[in-house]
Amino acid sequence: MRVAFGVLGPTVAECDGRALALKGPRHRAVLARLVVARRRVVPVTHLVGDLWTDPPPGAVGAVQTFVAALRRVLEPDRPSRAPARLLVTDGPGYALRPEPDAVDAWCFETAVGAAARLPATQALPRLEEALALWRGPAYAEFEEEAWARGERSRLAELRLQAVEQRARTQLALGLAAEAVPDLDVHLAAHPWREDAWRLLALALYRQDRQGDALSVLRRARAVLADQLGVDPGPRLRRLEADILAQDPGLDPPGGPTATAARLWTRTAAAYDRTVAAGARARLETTVSLIRNLAVTGGGGLAAARQHRMEAIAAAEEFGDPDLTARVIGAYDVPAIWTRSDDPELARRIVEAAERALTASPGDAHEASRCRLLATIALETRGSRAPRGPQAAREAEEIARRLDDPALLAFALNGAFMQSFTRAGLAPRRDEIGAELVELAARHDLVTYEVLGHLIRLQARCALADFAAADRHAAAVDRLAERHELPLAGVFTQWYRALRLAASGQSAGAETAYRDAAARLDGAGMPGLECGLLPFALLCLRVRYGRTWSDTESGDTGPGDTGPGGSDPAGSDPGPVEIDLGADWGPYRPWAMPFALLASGRRAEARAALRALPEPPRDLMYEACCCLEAVVALEVGDQDVLERARTRLLPAAGELAGAGSGLITLGPVEDHLADITTALRAPTSPVPPR
């Protein structure tokens with residue numbers, strides 16, 4: 001269950017697109033006040049003062065009642081007495097701890113900030129996406145509240161800047177006509193914005209409307225004099241002089257960027273006029289656009305996911321299984337992370353692909369069948385069901401028989417996603433990556449060439465071959481820069497944090513991990529982002545630091561480094577701080593035993609260890625197995641140690657977790673040695689190395 005919050009308009013909360021009932025105005029006020037605090041604790045006494053000018057008797061109890069009611073709405077499935085995970089009690093008050101992309105105001109700020117660092121072609125859609133989040137004034141129903149005033153003003157100003165930033169971006173792309181209507185509306189509400197007047201006049205001039213541009217500047221002069229009693233600033237005065245002189249510096253930008261932007265606009269308009277709205281060709285063209293959108297950056301990837309199922313549903317309405325197969329299979333976007341960004345969407349896509357396979361005639365085009373099977377293999381990543389591996393094998397067989405390079409690349413991506421049936425399969429994935437690199441380079445399949453290098457980067461990390469991993473990371477960065485593939489750099493930045501961790505530079509690695517996590521904001525990959533930073537820091541400190549304090553057995557002293565050996569850089573990061581209020585995502589079960597150990601609750605830690613689910617069949621499999629083993633060593637759980645040894649033995653020659661290209665817990669053989677020692681002496685816990 002994922003709860004999202006909206007404050008760019010009236011305060012709302014939603015779960016999977018469904019509005020949640022927040023009861024009365026004071027419940028909404030508590031929620032909004034906690035959003036304003038941005039995950040920080042708000043003492044109960046402050047909440048009382050914010051809710052009432054003259055607090056009544058029992059105000060503290062009333063706040064507690066409001067919080068309890070909100071918790072029931074936000075976490076309806078939370079067991080009785082279990083600690084809240086979203087609206088938490090912390091010290092003297094409460095804090096709201098949503099995911100970074102779960103509050104529309106935070107998403108807006110992230111998108112606007114990201115747009116400022118992007119080239120104009122990528123910045124424009126990010127700004128459009130950001131501005132579309134607004135439903136009205138920020139914190140609309142709390143206009144008179146002092147606690148909301150500063151945040152309302154800040155967000156309102158940022159929105160005005162974003163509108164003007166969008167206009168500047170449109171002008172940079174040669175899209176002057178598109179800028180004019182929004183600037184007109186903007187100035188009607190905010191006539192004192194001098195830069196907006198300048199942008200509007202420049203946009204009109206670039207449409208060969210010199211008279212209209214000068215008229216706008218005269219209007220600006222009158223408005224500023226009447227409302228503010230000031231003359232236009234130097235930039236407005238200079239623009240007026242340049243327009244009168246028809247200065248060539250005002251002409252639209254030239255070069256390939258502006259030309260491409262104008263070509264796009266004109267071609268899209270022509271297509272819209274020419275191709276009938278209900279034509280199948282229009283649907284297939286839309287899918288191609290969605291596919292390309294997915295590799296342009298975080299906003300594009302998120303938008304592509306949103307529209308993909310809509311396209312499949314539209315195709316199914318035609319009742320033509322071949323069309324449905326083409327629409328499903330056309331989305332052959334390379335995928336490197338083995339956890340789905342949207343499991344529910346993946347399930348629906350698999351169901352649609354299975355329906356298309358069943359409905360296809362016996363003589364159906366083999367290429368379409370291959371694409372459907374490859375899609376099933378990709379979308380069932382991490383599943384323990386046999387259908388995924390079966391679909392991957394069949395898709396690869398068909399693609400090799402047809403000798404179609406693009407089809408084979410797609411099928412190999414599916415084979416990679418299904419190569420996690422057990423530990424120790426890094427050599428197999430290295431083979432897949434090597435074939436993808438060679439195939440894609442030979443046939444100019446750039447995105448699959450990047451995928452192949454990333455797969456090899458992960459595999460060589462698992463095999464402790466960092467020299468080769470470095471070469472693949474460099475190849476990824478070169479291709480990403482040349483072909484405008486910004487998401488690839490997310491993985492190479494995380495890899496460089498792993499390199500620091502693997503070389504013993506734990507303090508530097510922690511900083512690098514935090515920097516890499518910041519880049520994930522707005523990247524559009526929740527399957528990767530969710531829980532990754534706290535999990536990476538846990539693995540780092542288990543590897544090089546103390547994992548709990550004041551253990552009952554006293555096995556580690558002040559001079560010891562705990563599990564995983566010494567820190568050669570001398571930068572012991574200290575005890576692991578397990579903040580269960582953080583976004584642990586799918587890794588929370590593996591954090592819980594460490595949190596219990598850190599607070600001295602060893603019996604409960606043992607119970608939590610026994611309750612762990614089977615580690616997911618993905619890139620974090622070996623890491624989760626090793627974390628189980630570390631806790632089992634501390635509490636002396638022989639059954640869990642036996643299970644961990646069985647799981648880890650096939651990966652004895654690898655670095656635990658490094659196959660992700662993101663984190664590491666050191667050599668698997670070190671963990672196996674600790675387990676073997678403990679199993680030979682079952683009467684007492686053995687301190688892990």
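How would the chain be classified by its alpha-carbon gyration tensor: rounded, prolate or oblate, with rounded meaning a/c under 1.5 and the a/b versus b/c comparison settling the rest? It comes out oblate by the Cα gyration axes. Simple rule: put +1 on each Lys or Arg Cβ and -1 on each Asp or Glu Cβ in segment 418-544, find the dipole, and look at Ala488, Tyr513, Ile455; the Cα lying farthest toward the positive end is Tyr513. Solvent-accessible surface of segment 44-170, taken per residue with a 1.4 Å probe and all protein chains present: 48 Å². What part of the accessible area of the chain, given as a whole %, is carbon or sulfur when the probe is 1.4 angstrom? Ligands and nucleic acids excluded, carbon and sulfur reach 53 percent. Rg/Rh, computed from the Cα trace of segment 340-387 with Rh as the Kirkwood radius, has the value 1.00. Grab the Cα-Cα distance for Arg482 and Ala385, subtract it from 0.36 nm times how many residues apart they are, and report the gain in nm with one decimal. Result: 31.0 nm gained on full extension. Each 10 Å bin from zero up to the one holding the largest Cα-Cα distance in segment 397-533 carries the following percent of pairs: 12, 37, 38, 11, 2, 0.
In the chain, the longest principal axis of the Cα atoms and the axis of helix 466-483 are about 20 degrees apart. Entry note, the chain: the mean residue ellipticity at 222 nm calculated from DSSP H runs of n ≥ 4, each adding -39500 (n - 2.57), is -19500 deg cm²/dmol after division by the residues and rounding to the nearest 500. If R0 is 60 Å, the Cβ-Cβ spacing of Thr677 and Leu160 corresponds to a FRET efficiency of close to 0.40. Between segment 482-539 and segment 194-254, the alpha-carbon centres lie 46 Å apart.
Summing +1 for each Lys or Arg and -1 for each Asp or Glu among the other residues whose beta-carbon sits under 10 angstrom from that of Val437 gives -1. Counting 0.36 nm for each residue step from Tyr271 to Glu344 and taking away their Cα separation leaves a gain of 22.9 nm.
Going toward the positive end of the dipole of segment 133-172, with +1 on Lys and Arg Cβ and -1 on Asp and Glu Cβ, which of Ser153, Pro137, Leu171 do you reach last? Most positive-ward Cα: Leu171. Would you please classify the overall shape of segment 187-334 from the alpha carbon gyration tensor, given that a ≥ b ≥ c denote the square roots of the eigenvalues, rounded means a/c under 1.5, and beyond that prolate means a/b larger than b/c while oblate covers the rest? The shape class here is prolate. I need the calculated FRET efficiency for the pair Asp242 and Glu141, taking r as the beta carbon distance and R₀ as 60 Å, to the nearest 0.05. After rounding to 0.05, the efficiency reads 0.85. Here is the list for segment 127-234: GluC sites (Glu not before Pro) lying in DSSP coil, each with at most 10 other C-beta atoms within 10 angstrom of its C-beta, are Glu144. In the chain, Cα pairs under 8 Å separated by at least six residues give a relative contact order of 9 percent.
Taking only the C-alpha atoms of segment 590-689, the Rg (one decimal) and the largest Cα-Cα distance, Dmax (whole number), read 12.7, 38 Å.
Rounding to the nearest 20 debye, state how big the charge dipole of segment 307-357 is about its Cα centre with +1 on each Lys and Arg Cβ and -1 on each Asp and Glu Cβ.
160
The chymotrypsin sites (Phe, Trp or Tyr not before Pro) of segment 140-238 that DSSP puts in a loop, and whose beta carbon has at most 15 other beta carbons within 10 Å, are Trp192. Put simply, segment 88-173 fits an ellipsoid with semi-axes of 29, 16, 9 Å; these come from the alpha carbon gyration tensor as the roots of five times its eigenvalues, largest first. Computed from label points 7 Å out along Cα-Cβ, the spacing between Thr65 and Trp52 is 1.1 nm. Taking the charge dipole of the chain about its Cα centre, with +1 at Lys and Arg Cβ atoms and -1 at Asp and Glu Cβ atoms, the residue from Met620, Leu679, Gly211 reaching farthest to the positive side is Gly211. Fully extending the segment from Ala603 to Ala188 would add 142.8 nm, taking 0.36 nm per residue of separation and subtracting the current Cα-Cα distance.
Rounded to the nearest 10 degrees, the inclination of helix 588-598 to the longest alpha-carbon principal axis of the chain is 60 degrees.
Distance between the 7 Å Cα→Cβ label points at Thr511 and Gln227: 4.7 nm. Evaluated with a Cβ-only charge set (Lys, Arg +1; Asp, Glu -1), the chain carries a dipole of roughly 580 debye about its Cα centre, given to the nearest 20. Between Asp16 and Ala652, what FRET efficiency follows from the Cβ-Cβ distance if R0 is 41 Å, with the result rounded to 0.05? Efficiency, from the Cβ-Cβ distance: 0.45.
Charging the Cβ of each Asp and Glu at -1 and of each Lys and Arg at +1, and nothing else, the dipole of segment 89-218 about its Cα centre rounds to 520 debye. Would you mind checking the tilt of helix 25-36 against the longest principal axis of the Cα atoms of the chain, expressed as 0 to 90 degrees and rounded to 10? So the helix axis and the longest Cα principal axis differ by about 80 degrees. Relative to the compact-globule estimate of 2.2 N^0.38 Å, the Cα radius of gyration of segment 276-427 comes out at 1.00.
Apply the a/c threshold of 1.5 to the C-alpha gyration tensor of segment 358-441 and tell me whether it is rounded, prolate or oblate.
Because a/c hits 1.5 or more and a/b fails to exceed b/c, segment 358-441 counts as oblate.
Taking only Cα atoms of segment 272-355, what ratio of Rg to Rh do you get with Rh as the Kirkwood inverse-distance radius? Value, to two decimals: 0.97.
The values are calculated or read from the model by the stated rules, or taken from the named source; none is laboratory data. Just so it is clear, the structure is predicted and the values come from calculations on it, not from any experiment. A quick note on method: Cβ atoms are made from the backbone with ideal geometry, for glycine too, and the neighbour counts reach across all protein chains shown. All accessible areas refer to the heavy atoms of the entire protein, side chains included, with ligands and DNA or RNA removed. Shrake-Rupley method; radii C 1.70, N 1.55, O 1.52, S 1.80 Å.
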